[in-house]
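A.B. asks: I am attaching a structure below and will ask some questions about it afterwards.
The values are calculated or read from the model by the stated rules, or taken from the named source; none is laboratory data. Keep in mind that what you see is a predicted model, and the values were worked out from it rather than measured. Counting neighbours? That spans all protein chains shown, and the Cβs are built from the backbone with ideal geometry, glycine included. Just so you know, the surface numbers come from the protein's heavy atoms only, side chains and all, with ligands and any DNA or RNA stripped out. Shrake-Rupley method; radii C 1.70, N 1.55, O 1.52, S 1.80 Å.
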Amino acid sequence: MSFIRFFDEISNKDVSTVGGKNASLGEMYRNLSAQEINVPFGFSTTAEAYRTFLSETGIKEPLIQLLSTLDPDDVDSLSNVGQKIRTLILNTPFPKSLTEAIASAYSTLCAHYNLSIIDVAVRSSATAEDLPNASFAGQQESFLNICGEEALLKHVHRCYASLFTDRAISYRHHNGFEHMSISLCVGVQKMVRSDQASSGIMFTIDPDSGSDSLIIINSAWGLGENIVGGKINPDEFIVFKPTLAHHSTILKRQMGTKRLQMIYDPQDSSKTLNITTPETLQHQFSLSDDEIMYLAKNAYVIEQHYSKLSGQESPMDIEWAKDGVDGKLYIVQARPETVQSQKEKNFTLSSYVFDANTPNKELLSGTAVGERIGSGKVRIIHNSSEFHLFQEGEVLVTDNTDPDWEPVMKKASALITNRGGRTCHAAIIAREIGVSAIVGASNATTQLKDGQEVTISCAQGEIGYVYEGIIPYHIHTLDLSDCGEPQTHLYLNIGDPQSAFRYARLPNHGVGLARMEFVINNTIKAHPLALIDMMENKTIPNADEIKTLMRGYDNPKAFFQEKIMEGIGMICAAFYPKPVIVRTSDFKSNEYRHMIGGEAYESKEENPMIGFRGASRYNSDIYKKAFEWECEALRKVRDEMGLTNMQLMLPFVRTPQEGRNAIAIMNTQGLVQGVNGLKIYAMCEIPSNVILADEFLKIFDGYSIGSNDLTQLTLGVDRDSTLVASIFDERNEAVKRMLKMAIDACKKEKKYIGICGQAPSDYPEITQFLVESGIDSISLNPDSIVKTWKLVLELENAKKGS
């Protein structure tokens, strides 16, 4: 009888022998160690060992009898029967042959590391788990920091019993698995001392948007159970796969609170203990950029290997840990991702949309799981003893969940937790069962009340919002089949980087306007000149508030530039390799004043719309250094992140000389037209841009028409004034003549001409006019891209027919 198999003896073909988790560890240990994938050595008990335990001890038939009395949909029956089965298993000693086999294998493992005794992780591994269509995430128990033969045997026994936790019984029932057809194997693996460093989870697919070009990494200090169990809000990093081989393309660094840290118990090193993370560590990222990239490359290698094994793309869910003793990063689990990878490819895109434009009062926010909307009455559940209080269709609100909560989660219309990140068990199970969830909402259990009606929205990007009351919504479905391919390029206008990957699923040819202001206003928040003064050790207003924003970054300049790189990089990555035209910052002085520290740097202008903005600001001695910082960050997006699909556009260039001066500044920061395919366009939004187009086009690679400002300045209308709002109309003949003149000028010089203003999104007749005038591209708001796409196709086909 073979009760033990070491990792160097098993592969992914041995799932029926050692379970999914152990088979995967053996596969990586044997085949990926040469590619710098560090997997701690270990062994697995076998399915035969488990079956022998049941048969030789005579508990198989009593176990079957107990299962026959079970009603898996009745919480009380589930709890009662599960408890009886676990007690039966735990009170039944192992056969002598199994005890001796485990003890001998542990001795061999210690000898492998030249030690008389070692700490090990003891993890359950069922013969039906980590499958492409069922993760079994956290259904059975795992134990960390187990030391010595006696403790090991005790915890292997507990793993066997955990095959019949309430959650595992329920999960198997609802996923169509026969209880007695599954065997429990136990993986025993040398501990990684991440209690002295960090650990976490990573996905080689975005578990929410389904983008397979992203690697998502969650990380926290200490042992990894806090992330898996949703007990903390971890750090999150996003890495772009397509440029991974040659560039460091970190698209996002988001600092979590990381309030708890799991360590070895100082009083009893055989146990673990959760402590409050020291404040200095809470305010530091738990991984360096080099470590992020090392893990991302590991993840990519693992994904490629498993894809080759399966003969198809195989996105992976991977657990990793850093050893604080030897400083190395280790892979401790890898399994197929089970939600996005199993979705059928189709030609429709569904989105959840509120019926009204403005939702009700916002109560809370947290990390969105999925992209749905849900609503109902709040039910706060503190622990499993309160499960019986929960009613079908209520909104489940709790501190955090573990897999025991799955039967209750299935009854919920939505889930809100105080703690947790996108890769915790609550998030994974919520995706599998299709329930809307917001995790890490901090004070949900104290701010919300039982019976309170709320709506939760995960449909507005990566941030999930809890709104007061029941808000009507509908599901908007777009048919993307037979879209065809128009000759006129149709681009998107994008502001929020966090929505970029969602919008990239729409039909498009790229991005015609990526707004720098959104990135600066929403992620940097501090006035650029305040950051420059901080960098030069000058005293500034709001310094403490700005320092809080900067946590995790080396200095004000690094903070400013890396936030730009992350935001613009996210947009460029979402549409890669399609072109993304980034407009450099175009705040007006009144908008800059509202930024943190802004009042000290901005004067009050009577008409900011035609005041200190655009190229005039860039060229001024007052603001030049801030523009240089911005340009340097944009150069890094292209050169260091490898996102050469990014092109640039300058706003509000009043004269050709202003354009020359601004481009000269860009050149000093490494942004040179023609180098590595860089193009620099100008916004055509001032009458002088049209009248002197021949001069401007000697400087720039083309124009993108800003119809909002061009209409304002052509008609002499303040577009912020309600008193003359009725006169503002892009369809005015004077505006149309300006549009036609700009298009004709660019065509004459063989330069690019597009439009990124609001007009084509609002007026089909403007779209028709632009297409008939021969414009190269039209950039639209995401909500109007599909209808405009079809309209342009009809116009072009009609033109061919005539």
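A.B. asks: Report, ordered by the first and then the second residue, all pairs with beta carbons closer than 9 Å, sequence separation of six or more or different chains, a first member in segment 598-620 that is over 18 Å from ILE520 (Cα atoms), and a second member that is open to solvent by less than 50 Å² (accessible area, probe 1.4 Å) and of a type in the set (S, T, N, Q).
C.D. replies: Listed by first residue and then by second, the contacts come to SER603/SER589; LYS604/SER589; GLU605/SER589; PRO608/SER589; MET609/GLN712; ILE610/GLN712; GLY611/SER589.
A.B. asks: I'm told ILE263 meets every condition in (1) at pLDDT below 95; (2) closer than 19 Å to GLY324 by Cβ; (3) exposed (fewer than 15 other Cβ atoms within 10 Å of the Cβ) except one. Can you identify the failing condition by its number?
C.D. replies: Result: ILE263 fails condition (3) only.
A.B. asks: Suppose we filter segment 597-622 for residues that are surrounded by 17 or more Cβ atoms within 10 Å (Cβ to Cβ), more than 34 Å from the chain's Cα centre (by Cα) and either more than 27 Å from ASP718 (Cβ to Cβ) or hydroxyl-bearing (Ser, Thr, Tyr) (or both); how many remain?
C.D. replies: 2
A.B. asks: Restricting to segment 1-30, name every residue that is open to solvent by 50 Å² or more (accessible area, probe 1.4 Å) and in a helix (DSSP H, G or I).
C.D. replies: Correct list: ASP8, GLU9, ASN12, LYS13, SER16, TYR29, ARG30.
A.B. asks: Continuing with this model, one more query. Among the residues in segment 701-712, are any hydroxyl-bearing (Ser, Thr, Tyr) and open to solvent by 10 Å² or more (accessible area, probe 1.4 Å)?
C.D. replies: No, segment 701-712 contains no residue that is hydroxyl-bearing (Ser, Thr, Tyr) and open to solvent by 10 Å² or more (accessible area, probe 1.4 Å).
A.B. asks: While we're looking at this one, here's another question. Any residue at all in segment 776-787 that is out of contact with any Pro (no Cβ under 7 Å at 6 or more places or on another chain), part of a helix (DSSP H, G or I) and in contact (Cβ under 8 Å) with a residue 40 or more places away in the chain? Before the answer, list the steps.
C.D. replies: The initial filter retains those residues of segment 776-787 that are out of contact with any Pro (no Cβ under 7 Å at 6 or more places or on another chain), namely 776-777, 779, 781-784, 787.
If we keep only those that are part of a helix (DSSP H, G or I) too, we end up with 782-784, 787.
Next, from what is left, pick out any that are in contact (Cβ under 8 Å) with a residue 40 or more places away in the chain: 782.
Scanning segment 776-787, I find at least one residue that is out of contact with any Pro (no Cβ under 7 Å at 6 or more places or on another chain), part of a helix (DSSP H, G or I) and in contact (Cβ under 8 Å) with a residue 40 or more places away in the chain, so the answer is yes.
A.B. asks: Would you tally the residues in segment 567-591 being open to solvent by 10 Å² or more (accessible area, probe 1.4 Å) and in a loop (DSSP other than H, G, I, E, B)?
C.D. replies: 6
A.B. asks: With respect to ILE275, is the statement that it is open to solvent by 20 Å² or more (accessible area, probe 1.4 Å), in a strand (DSSP E or B), modelled with pLDDT under 95 and within 19 Å of PRO234 (Cα to Cα) true?
C.D. replies: Details: open to solvent by 20 Å² or more (accessible area, probe 1.4 Å): yes; in a strand (DSSP E or B): yes; modelled with pLDDT under 95: no; within 19 Å of PRO234 (Cα to Cα): yes.
No, not satisfied.
A.B. asks: With the requirement that a residue be basic (Lys, Arg) and over 19 Å from HIS112 (Cα atoms), what does segment 138-192 give you?
C.D. replies: LYS154, ARG158, ARG167, ARG172
A.B. asks: Also, I was wondering about something else. Kindly indicate whether GLU566 is touching a strand residue (DSSP E or B) at 6+ places or on another chain (Cβ under 6 Å), over 16 Å from LEU529 (Cα atoms) and of a type in the set (Asp, Glu).
C.D. replies: When the stated conditions are applied, GLU566 passes them.
A.B. asks: Moving on to the next point. Kindly establish whether ASP212 is at pLDDT below 95, more than 18 Å from ARG551 (Cα to Cα), outside any strand (DSSP E or B) and touching a Leu at 6+ places or on another chain (Cβ under 7 Å).
C.D. replies: The answer is no for ASP212.
A.B. asks: Also, I was wondering about something else. Among all residue pairs at least 6 apart or on different chains, which show Cβ distances below 8 Å where the first residue, located in segment 226-238, is more than 14 Å from ALA427 (Cα to Cα) and in a strand (DSSP E or B) and the second is open to solvent by 10 Å² or more (accessible area, probe 1.4 Å) and of a type in the set (S, T, N, Q)?
C.D. replies: Pairs found: ASP235/GLN254; GLU236/GLN254; PHE237/GLN254.
A.B. asks: What number of residues in segment 62-106 are closer than 30 Å to VAL120 by Cβ, in a helix (DSSP H, G or I), open to solvent by less than 70 Å² (accessible area, probe 1.4 Å) and out of contact with any Asp or Glu (no Cβ under 7 Å at 6 or more places or on another chain)?
C.D. replies: 13
A.B. asks: Go through (1) assigned to a strand (DSSP E or B); (2) surrounded by fewer than 23 Cβ atoms within 10 Å (Cβ to Cβ) and name the single condition PHE43 misses.
C.D. replies: Condition not satisfied by PHE43: (2).
A.B. asks: Cβ-Cβ below 9 Å, separation at least six or inter-chain, first residue in segment 684-697 and over 17 Å from LYS747 (Cβ atoms), second basic (Lys, Arg): which pairs?
C.D. replies: Matching pairs, first to second residue: ILE686/ARG654; SER688/ARG654.
A.B. asks: Sort through ASN732, ASN667 and tell me the only one that's in contact (Cβ under 8 Å) with a residue 12 or more places away in the chain, open to solvent by 30 Å² or more (accessible area, probe 1.4 Å) and more than 19 Å from ARG613 (Cα to Cα).
C.D. replies: None of the others qualify; the one that does is ASN732.
A.B. asks: Moving on to the next point. Looking at segment 478-490, I want the residues that are closer than 17 Å to ALA504 by Cβ and have a partner that is surrounded by fewer than 15 Cβ atoms within 10 Å (Cβ to Cβ) and modelled with pLDDT under 90 with Cβ atoms under 7 Å, at least 6 apart or on another chain. Which pairs are those?
C.D. replies: Short answer, once both residue conditions are applied: LEU478/THR348; LEU480/PHE347; LEU480/THR348.
A.B. asks: Can you pull out the residues in segment 518-547 that are of a type outside the set (Asp, Glu), open to solvent by 70 Å² or more (accessible area, probe 1.4 Å) and more than 18 Å from ASP586 (Cβ to Cβ)?
C.D. replies: The answer is MET535, ASN537, LYS538, THR539, ASN542, LYS547.
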